[in-house]
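Asker: Quick one: this structure, given as structure tokens, is what I'll be asking you about.
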Amino acid sequence: MTRLSLAEAQARVAAVLRTAGAGAAMAESTARALVLAEAQGLASHGLSRVAQYATHLRNGRVDGSAKARLQRRRGGAILVDAGGGLAFPACELALREAEAAAREHGLAFAGVVRSHHAGVLADHLRPVAAAGMVGLAFTSSPAAMPAAGGRHAVFGTNPVAAVFPRRPLAALPDGGRDPLIIDLSLSEVARGKLLVAAQAGRPIPEGWALDAEGRPTTDARAGLAGSMLPIGSSTGTKGAMLALVVELLASALIGANFGFEASSFFVDEGNRPGLGQAFLVIDPDALAGRELYLDRVEVLVAEMLADEGVRLPGARREALRRRAASEGIEVDEALLAAWAASAHDDPGIGITK
């Protein structure tokens, strides 16, 4: 294993993506997101995705020259076109516009269309929390789960995320407090965990996925070829209903593709997925008022922490992120070698111990 600083890791990932065809801004934005995921211990959405994104760029499943643009805005309703590119620049634009609109109107809803894999959904909302606002995020994804009572995959795993800022605490060195960060897939686990298990040749627990014939499986590759099990009851009805809500919010409402219309992220060939992301940004000043909102959050947090063993959502991620910021992250030598081979003509990716 080689230890890299976050800046070094970002430079190498960006170099791979540029060589694969991504424009500089797209490569930098995507590299930041993937390294941030890795720093939080979220390997399924971190460096394991670099090869996938690079292959999609080379095969035309992603347009590396795409420029995110504001397509439509009316009051607090915003629509951004990712242009068939990687999702991250378009999501950044959508949230900048949504934050400004929320300050003006109290809340804003921003959609991103013609998009790709959105990475760690909650990370898109970090600037919203830093600005003292509440954020919710939704994304569609390629079909991986059946409708309630159905047999074939219709919905994606369709993650949902939210951030809620907390009151600053003067006793802390930076005067801040971590926001509450809630981030979950509507399948029993994120599909990316199957990718990591498949790459490592490890089995998966029963109850995560079904094979292509609809049978429970512990084979990660068979699960990737089959479908994921929804969260919720033993029938998966609750998870499937939530996935339907996300499909309608992040696809029908904004004009993006449904999950069943998009080729899997886990295949090299296929269409441009054309998926959607949707973000809701709320300014507390428009409702209870910032001070009352912050007071109420702390009352709830205190009640939660009254039970020993309760961990606030996002706490583990933030601890790992801070540690990685000072100590860097460990990257497998084989992965570094693959990056170097992929971007041999880019001097920014040279390997140094």
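Asker: When the residues of the range 47-61 are narrowed to those that are of a type in the set (Gly, Ala, Ser) and open to solvent by 20 Å² or more (accessible area, probe 1.4 Å), which ends up nearest to the chain's Cα centre (by Cα)?
Answerer: SER48
Asker: For GLU38, all conditions in the list (1) surrounded by fewer than 22 Cβ atoms within 10 Å (Cβ to Cβ); (2) under 30 Å from GLU327 (Cα atoms) hold save one; what is the number of the exception?
Answerer: (1)
Asker: Next up: Any idea which residue in the range 140-157 is farthest from the chain's Cα centre (by Cα), counting only those that are open to solvent by less than 10 Å² (accessible area, probe 1.4 Å) and either aliphatic (A, V, I, L, M) or under 26 Å from GLU318 (Cα atoms) (or both)?
Answerer: MET145
Yes/no matrix, rows are residues, columns are (1) closer than 27 Å to LEU194 by Cβ; (2) at pLDDT 95 or above; (3) part of a helix (DSSP H, G or I):
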site: ALA98; (1), (2), (3): no, yes, yes
site: LEU125; (1), (2), (3): yes, yes, yes
site: PHE138; (1), (2), (3): yes, yes, no
site: PRO173; (1), (2), (3): no, no, no
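Asker: Filter the range 182-207 down to the residues that are among the hydrophobic types (A, V, I, L, M, F, W, C) and in a loop (DSSP other than H, G, I, E, B), then identify the one that is surrounded by the most Cβ atoms within 10 Å (Cβ to Cβ).
Answerer: Only one residue tops the list, namely LEU186.
Asker: If I filter the range 234-255 for residues that are open to solvent by 50 Å² or more (accessible area, probe 1.4 Å), under 24 Å from ALA137 (Cα atoms) and of a type in the set (Asp, Glu), do I get at least one hit?
Answerer: Checking the range 234-255: not a single residue is open to solvent by 50 Å² or more (accessible area, probe 1.4 Å), under 24 Å from ALA137 (Cα atoms) and of a type in the set (Asp, Glu).
Asker: Please identify the pairs in which a residue from the range 10-33 that is touching a residue at least 12 places away in the same chain (Cβ under 8 Å) has its Cβ atom under 6 Å from the Cβ atom of a residue that is hydroxyl-bearing (Ser, Thr, Tyr) and surrounded by fewer than 24 Cβ atoms within 10 Å (Cβ to Cβ), counting only partners at least 6 apart or on another chain.
Answerer: Pairs found: VAL16/SER342; GLY23/SER65.
Asker: Taking the options GLY85, GLY64, name whichever one is assigned to a loop (DSSP other than H, G, I, E, B), in contact (Cβ under 8 Å) with a residue 24 or more places away in the chain and surrounded by fewer than 24 Cβ atoms within 10 Å (Cβ to Cβ).
Answerer: None of the others qualify; the one that does is GLY64.
Asker: Within the range 121-130, can one find any residue that is surrounded by 24 or more Cβ atoms within 10 Å (Cβ to Cβ) and of a type in the set (Lys, Arg)?
Answerer: No, the conditions are met nowhere in the range 121-130.
Asker: Kindly indicate the residue of the range 264-305 that is modelled with pLDDT of 95 or more, assigned to a loop (DSSP other than H, G, I, E, B) and in contact with a His (Cβ under 8 Å, 6 or more places away or on another chain) and also surrounded by the most Cβ atoms within 10 Å (Cβ to Cβ) among those meeting that condition.
Answerer: PRO273
Asker: Looking at the range 309-321, I want the residues that are under 15 Å from PHE164 (Cβ atoms) and touching a residue at least 12 places away in the same chain (Cβ under 8 Å) and have a partner that is polar (S, T, N, Q) and crowded, with 16+ Cβ neighbours inside 10 Å with Cβ atoms under 9 Å, at least 6 apart or on another chain. Which pairs are those?
Answerer: Taking only residues 6 or more apart or on different chains, the pairs are ARG317/GLN40; GLU318/GLN40.
Asker: If you go through the range 183-198 one residue at a time, how many are in contact with a helix residue (DSSP H, G or I) (Cβ under 7 Å, 6 or more places away or on another chain) and modelled with pLDDT of 80 or more?
Answerer: Count: 7.
Asker: So, in the range 100-123, how many residues would count as being free of Cβ contacts under 8 Å to residues at least 12 places away in the same chain and outside any helix (DSSP H, G or I)?
Answerer: So the answer is 0.
Asker: Out of (1) surrounded by fewer than 22 Cβ atoms within 10 Å (Cβ to Cβ); (2) assigned to a helix (DSSP H, G or I); (3) not polar (S, T, N, Q), what's the single condition that is false for ALA212?
Answerer: Exception for ALA212: condition (2).
The values are calculated or read from the model by the stated rules, or taken from the named source; none is laboratory data. These numbers come from a predicted model, not from an experiment. Positions of Cβ are backbone-derived with ideal geometry, glycine not excepted, and every protein chain shown enters the neighbour counts. Calculation scope for accessible area: heavy atoms of the full protein, side chains included, ligands and nucleic acids excluded. Shrake-Rupley method; radii C 1.70, N 1.55, O 1.52, S 1.80 Å.
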